[in-house]
Amino acid sequence: MKERSKSSSVSNLPLILNIDDFKGDFSFDALFGNLVNELLPSFQEDSADSADGHGIGGTDVLPNGHTRTSSDATKFAQGLSAPLFPEVDALLLLFKNSCKELVDLRKQIDGKLSNLKKEVSTQDDKHRKTLTELEKGVDGLFNSFARLDSRISSVGQTAAKVGDHLQSADAQRETASQAIELIKYLMEFNRNPGSLMELSPLFSDDSRVAEAASIAQKLRSFAEEDISKAMPSVVGGATASRGLEVAVANLQEYCNGMVTVLSHSSELENRLLARFDAASQRRELSTMSECAKILSQFNRGTSAMQHYVATRPMFIDVEVMNSDNKLVLGDQSSQASPNYVARGLSKLYKEITDTVRKEAATIMAVFPSPNDVMSILVQRVLEQRVTSLLDKLLEKPSIAHPRPVGEGGILLYLRMLAVAYEKTQELARDLRAVGCGDLDVEGLTESLFSAHKDEYSEYEQASLRQLYQAKLEELRAESQKVSEPSGTIGRSKGASVASSPLEISVAAVTEFVRWNEEAITRCTLFSSLPATLAANVRSVFTCLLHQVSQYITDGLERARDSLTEAASLRERFVIGSSVSRRVTSQAEAAAAAGESSFKSFMVAVQRAGSSVAIVQQYFANSISRLLLPVDGSHAATCEEMATAMSSAEGAAFKGLHQCIETVMAEVDRLLSTEQKAADYHSPDDGMVHDHRPTNACTSGGLRLKRDITEYGEFVRSFNAPTVDEKFELLGILANVFIVAPESLSSLFEGTPSIRKDAQRFIQLRDDYKSAKLASRLSSLWSS
């Protein structure tokens, strides 16, 4: 907004408001101040005077404590004749003009907004139209691509058909070409009898003797067959034209001569091989190379290559083979350990690799086809030298009658197999790096272990079963050494209720898992395909599930037997109304046996839970990832795990019920034997409010309540709702000895099932008659 001159009148100069005044951080107070400040100079001066001239001149003190100067009085007197607010007219005119300006500005803004809306609408229509055209273009492009893809597919199918036809035609052409060659050769032999001088160079080339002999035999067989089918016939005294008799005679003569040539060739080959051997012993590589080149003309040099490989010292020297066995197996009088065998195989295979590397240098310098020789050499190394060692190292044990675990058992064979397989695979990779031609050295190495890998899973499971049985026997032997004979009430000496022949051991389950983990490692080593790996892993892990399930189930059942025996003792020594001291002591001993069996079972349940948690963690960390790649394996194994653990859960459930019965029986015994008639009497010291515990509480009332609460908290960790409910009811029953008579009825609201048991305990209260609890409870029960 532009500044207004103070000397100008509001009516003379129109108010000018700019749209920019309302932009940015707009403040109404600032706008209003700019409008009215120039019309109210007197107020500005008054405020300045009041700030600068306060307390100057003559002052009068007013009754209210303020001061007034003489000038104020003068101004007041003058103000009575002048208007009180003379600028009001100018302000009203200013405000009216401002309102008009604001209305005009609003109309301008509305007009601009309307124009902008129209422009936006126009641009939006153009944009939508452009998008529609683009969509049509994209659809057309996609249709073009679809047609192109269909065309490419059609062309590809046509090309494939053409390729098949071309391949078939090429095969027919090759067959026809060979037939033409044979016909040409046959015509050469069928020209003149006894004439073998005009034959093709094939039949006179010494380097192609074998090929010429093969073709001559084919031609001879064909000619003889043709003569036998087309015998000359006489028709009207005429003789048939000459057939292939000349060819047969010439071929027979040629073959007879070929036998003589081949005989001479064989003698030449033998002489060359002898010369090659002599040069090999003297390490004359040039002579060896010369002989090898000549020998390559005989059967492509196969005999020379095989002869060279067969005469290597590592294949014919008996000392070399004995040294191999001693290096790997050690002294035959003792069983070598897997670690010893691993070190021996590493040394032996390194020696073999070094030997092959040296031979490779000679082969590269001598033979015209070194890759073929290396292939024969490496194959001979694996099939003869390595196989001979593996046969002695890997002797399959009997699954039905294996050697004891103390002597290694089946596990020793599996460990030896894993070591031999892993080291031999390393040898194959080293030989591949040295060079082995076109030989599939990895596939040949796998074939060396095929007989062992086919039955691997059965041996792995048999080993786990053998280890499990041996561990159980070890635990039984340790338990028998630790346990001491002790007598119990009504039982023979040495048969204690509390003692268990074989308690659940978390350490033992951990050892089961460690065996299984080692077996899974071997499964991963021997199984390259995911399906085979998943099948082997599943069978091995299922073996662990059965072992752990049987182990903890048997342990829980033995702990339950202790609870059952303790319950039998309690029933024999139930305390009645009048009993002897001897029977009382026997009942206390039976109660002690029940307490001991209760603790033993709770420990067994805790250890069983820890054991199951170990197996579940092992499955999640090590087994699950190996089963997921194969559809259905993971889910099926989870179901097997749940099924295997269900038997242990059933034994734990039954045992917990027996524990509750044991606790209830102990509560009954304590209330029957230790509660006295005067336990709930009021004290005689005249105290109205006495918070001291009664005798019943001091001999175990509140302690019983606390113990039940603690047991309930412990059992709640097993997530057994039925057992939790039993402990809750047991806690309610214990409250009948603590609450006041008028509060008894509230204890059983919502739990009518325990009223009968509760009434039996309530009758033991000392105030049962005085508080008329019988009538009160009977009316409660009836309602």
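The values are calculated or read from the model by the stated rules, or taken from the named source; none is laboratory data. The structure displayed is predicted, hence computed values, not measured ones. All Cβ positions, glycine included, derive from the backbone under ideal geometry; neighbour counts span all protein chains shown. Ligands, DNA and RNA are stripped out before the accessible areas are found, and what is left, the full protein with its side chains, is counted by its heavy atoms. Shrake-Rupley method; radii C 1.70, N 1.55, O 1.52, S 1.80 Å.
Might you work out the accessible area of Thr158 for me, using a 1.4 Å probe with all protein chains in place, and round it to the nearest 10 Å²?
Surface open to solvent at Thr158 totals about 70 Å².
Going by amide H atoms built from the backbone, whose H comes under 5 Å of the H on Phe718, apart from near neighbours?
none
Evaluate E = 1/(1 + (r/R0)^6) for Ile738 and Phe26, where r is the Cβ-Cβ distance and R0 equals 51 Å; express this FRET efficiency to the nearest 0.05.
My answer for the efficiency is 0.10.
Which whole-Hz ³J(HN,Hα) couplings does the stretch 159-170 yield from phi under the Karplus relation 6.51 cos²θ - 1.76 cosθ + 1.60, θ = phi - 60°, glycine and proline marked x?
5, 5, 5, 4, x, 4, 4, 5, 5, 4, 5, 5
Give me the aspartates and glutamates in straight-line cross-link reach of Lys129: C-alpha distance below 20 Å, same-chain residues under 8 apart excluded.
Glu119, Asp139
Of all the C-alpha pairs in the stretch 501-674, what % are more than 19 Å from each other?
62 percent
Set the Förster radius R0 to 56 Å, insert the Cβ-Cβ distance between Lys218 and Glu135 as r into 1/(1 + (r/R0)^6), and round the FRET efficiency to 0.05.
Using R0 = 56 Å, I get an efficiency of 0.20.
Roughly how compact is the stretch 348-399, stated as its Cα Rg over 2.2 N^0.38 Å to two decimals?
Normalised by 2.2 N^0.38 Å, the Cα Rg of the stretch 348-399 equals 1.49.
When the solvent-accessible surface of protein heavy atoms is calculated with a 1.4 angstrom probe, in what order do Glu571, Glu518 fall, highest first?
Sorted descending by solvent-accessible area, the residues read Glu571, Glu518.
Could you grab the Rg to Rh ratio for the stretch 90-176? Cα atoms only, Kirkwood for Rh.
1.81
When averaged across all projection directions, what area in nm² does the alpha-carbon convex hull of the stretch 698-777 cover?
5.6 nm²
Return the subset of Lys358/Lys392; Lys350/Lys396; Lys326/Lys358; Lys350/Lys392; Lys358/Lys396; Lys184/Lys293 for which the Cα-Cα distance in this structure is over 29 Å, preserving the input order.
The pairs that break the limit, which is 29 Å between Cα atoms, are Lys358/Lys396; Lys184/Lys293.
Once phi is turned into ³J(HN,Hα) by the Karplus curve 6.51 cos²θ - 1.76 cosθ + 1.60 with θ = phi - 60°, what whole-Hz value does each residue of the stretch 135-142 show in order, with x for glycine and proline?
Taking θ as phi minus 60°, the curve returns 4, 4, x, 5, 4, x, 5, 4 Hz for the stretch 135-142.
Could you give the distance between the Cα centres of the stretch 283-350 and the stretch 407-480, to the whole Å?
The stretch 283-350 and the stretch 407-480 have Cα centres spaced 25 Å from each other.
Near Lys161, which lysines are there with a Cα under 27 Å away, not counting those fewer than 8 places off in the same chain?
Of all the lysines, none pass the test against Lys161 - Cα under 27 Å, at least 8 places apart if same chain.
Sequence neighbours fewer than 8 away in the same chain don't count; with that in mind, list the aspartates and glutamates whose C-alpha is under 13 Å from Lys96.
Hits, sequence-local ones excluded: Asp104.
Size of the stretch 312-460 along its principal axes in angstrom, Cα-based, largest extent first?
Reported extents, whole Å, longest axis first: 56, 30, 21.
Using label points projected 7 Å from each Cα along Cα→Cβ, tell me how many nm separate His401 and Ile227, to one decimal.
Distance between the two pseudo-spin positions: 7.0 nm.
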